[in-house]
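What follows draws every value from the coordinates through simple rules; no lab data is involved. This structure is a prediction, so every number in the text was calculated from the model and none was measured. As a convention, Cβ positions derive from the backbone with ideal geometry for all residues, glycine included, and neighbour counts pool all protein chains shown.
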Amino acid sequence: MADVVLSVLAHPDDAEFLCAGTLARLSREHGWQVHIASMTPGDCGSVEHGPDEIACLRRQEGANAAAVIGAAYHCLEERDLLIFYHERPLERLTRLLRTLRPRIVLTHSPADYMLDHEMTSTLVRAAAFGAPIPNFFAAQGHPPAIPHIPHLYYCDPIEGKDALGRLVEPAFRIDVSAVVEIKAAMLAAHASQRNWLLKHHGMDHYVQSMRDWCAERGRQAGVAFAEGFRQHLGHSYPQDNLLGQFLGIR
Ligand SMILES: [Zn+2]
């Protein structure tokens, strides 16, 4: 059975900004099975479509982006700006972990620019801790508890800073120079978002902003393009850097 990596981020295009290069490398170089999950279908990500219409579009865009690297896309079906730390999303995430049984899980930085990202980070941390505990959601008909907590990593916050503007330094960087075009192709699959970001944030160059950020992380690492990560190293979480062992760290 192939090893499994799962990214769980808030919105359908977050993986393509933050960790798709790393996912692509695990798939291409080591044959890992990749799963990309978003907490919401991005239902607020439009000024021209209603919530159901844009959600429908963005689930398809998420699936299209994942398909570029042969990955599967999953939506946890929470709603934009309404991701909370409570039982429903925690139960859904725990079920997903027990179903996919990933060795590595990637999620948002605990401190990020908006609360959907921070709540997702907290939920994923909790689900990773709870999924190996058999009595956790024992009555929900889940697959068996996973054998141990997976290796958990936090992606860079957006623009590498927290909500107070403080820089968040990665613990290590993964060289994604060889797969940056694949990452760009995945991001470009989110066609609805370029228009939305242009109108809401005044940000054009949807794909270019990703390239610029990876180039910035790359400069710090002495390579063309990189992605930054920190590993969750609290008590009982795995302590060895499995991601680094497979892909090398900079
Ligand atoms: Zn997001």
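Descriptive notes on the structure:
- At least 20 Å along the helix axis (C-alpha) and Kyte average at least 0.0, DSSP helices within the chain: 115-130
- Inter-site label distance for ASP52 and LEU233 at 7 Å from Cα along Cβ, in nm: 4.9
- Multiplying each eigenvalue of the alpha-carbon gyration tensor of the stretch 25-171 by 5 and taking the square root yields semi-axes of 23, 20, 18 Å, largest first, rounded to whole angstroms.
- For the stretch 187-248, the C-alpha radius of gyration divided by 2.2 N^0.38 Å, with N the number of residues, is 1.55.
- Between GLN220 and ASP3, the FRET efficiency estimated from the beta carbon spacing at R0 = 30 angstrom works out to 0.60.
- Debye intensity ratio in log₁₀ form over the Cα atoms of the stretch 39-111, taken at each q of 0.17 Å⁻¹: -0.78
- Dimensions in Å of the chain - Rg and Dmax from alpha carbons: 16.9, 51
- Extension gain from PHE84 to ASN64, taking 0.36 nm per residue of separation minus the Cα-Cα distance: 4.5 nm
- Mean ellipticity per residue at 222 nm, deg cm²/dmol - from DSSP H runs of n ≥ 4 across the chain, formula -39500 (n - 2.57): -13000 deg cm²/dmol
- All C-alpha pair distances within the stretch 1-81, sorted into 10 Å bins from zero, spread as 21, 49, 23, 7, 0 percent across the bins.
- Rounded FRET efficiency, nearest 0.05, which uses the C-beta distance separating GLU77 from ASP240 and R0 of 30 Å: 0.35
- Potential lengthening between THR99 and LEU198 on full extension [0.36 nm per residue; Cα-Cα distance subtracted]: 31.9 nm
- Added length on full extension, which subtracts the Cα-Cα distance from 0.36 nm per residue, GLU159 to HIS30: 43.5 nm
- Highest mobility in the GNM of the chain, judged by mean-square fluctuation with C-alpha springs under 10 Å and restricted to ARG230, ARG166, ARG25, is found for ARG166.
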